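A short write-up of the structure that comes next.
The values are calculated or read from the model by the stated rules, or taken from the named source; none is laboratory data. This structure is a prediction, so every number in the text was calculated from the model and none was measured. Heads up, the Cβs are rebuilt from the backbone with ideal geometry, glycines too, and the neighbour counts pull from every protein chain shown. To get the accessible areas, we keep the full protein, side chains included, count just its heavy atoms, and leave off ligands, DNA and RNA. Shrake-Rupley method; radii C 1.70, N 1.55, O 1.52, S 1.80 Å.
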Amino acid sequence: MQQISTPSAPEPAGTYSSGIVSGGFLFIAGQGPFTPEGTLVGETFADQVRQTFANLEAVAVAAGTSMDNAVRIGVYLNDLADWAEFNEVSKELLSTPYPARTSIQADLNGFLVEVDAIVALPADE
């Protein structure tokens, strides 16, 4: 296993890694709508989704891949009423074939969305 971290995404808030490479995949821990310095961003739900995906992409790039290679994402919404908007915004941020996905409501502490991901590494990894 290889630990992945990057100054381009927020540091973990606990005893976990931003990403772990194992078995040809990158497992990215849940990312939220925070700058690399840890400041909450986004006046709107869509803004928070975009920052969350920017953080996912930063970890993916640090591992030598990108979210274009995501095979699965887990979506945690503070309010399931945001599900349709998440679908619309994620069309801007994900490429086809879209990754498999689970979406659940979660009691997020002061923010609206969190996403984790499993991303394939390039074949030469």
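Annotations for the structure displayed:
- Mean Cβ count within 10 Å, highest first, over the residues of peptides 24-30, 52-58, 79-85: 52-58, 24-30, 79-85
- The chain: most fluctuating residue of G32, G110, G14 per GNM, C-alpha cutoff 10 Å: G14
- Averaged per residue, the chain has 53 square angstrom of accessible surface, using a 1.4 angstrom probe with ligands and nucleic acids left out.
- For the chain, the fraction of 1.4 Å probe accessible surface lying on carbon and sulfur atoms is 51 percent.
- Where (1) 44, 31, 31; (2) 41, 32, 20; (3) 68, 42, 21 are the candidate values, the label of the one calculated here for Cα extents along the principal axes in Å is (2).
- Fraction of beta bridges assigned by DSSP in the chain that are antiparallel (%, nearest 5): 75
- Long-range HN-HN contacts of G19 with modeled amide H, under 5 Å: I4, A29
- Spin-label model distance (nm) - W83 vs L40, 7 Å beyond Cα toward Cβ: 2.4
- Per-residue ³J(HN,Hα) for region 60-72, Karplus 6.51 cos²θ - 1.76 cosθ + 1.60, θ = phi - 60°, Hz, x for Gly and Pro: 4, 4, 4, 8, x, 9, 8, 5, 4, 9, 5, 9, 7
- Residue-span extension gain [D47 to S95] - 0.36 nm each, minus C-alpha spacing: 15.4 nm
- Between the helical axis of 83-93 and the longest alpha-carbon principal axis of the chain there is an angle of about 40 degrees.
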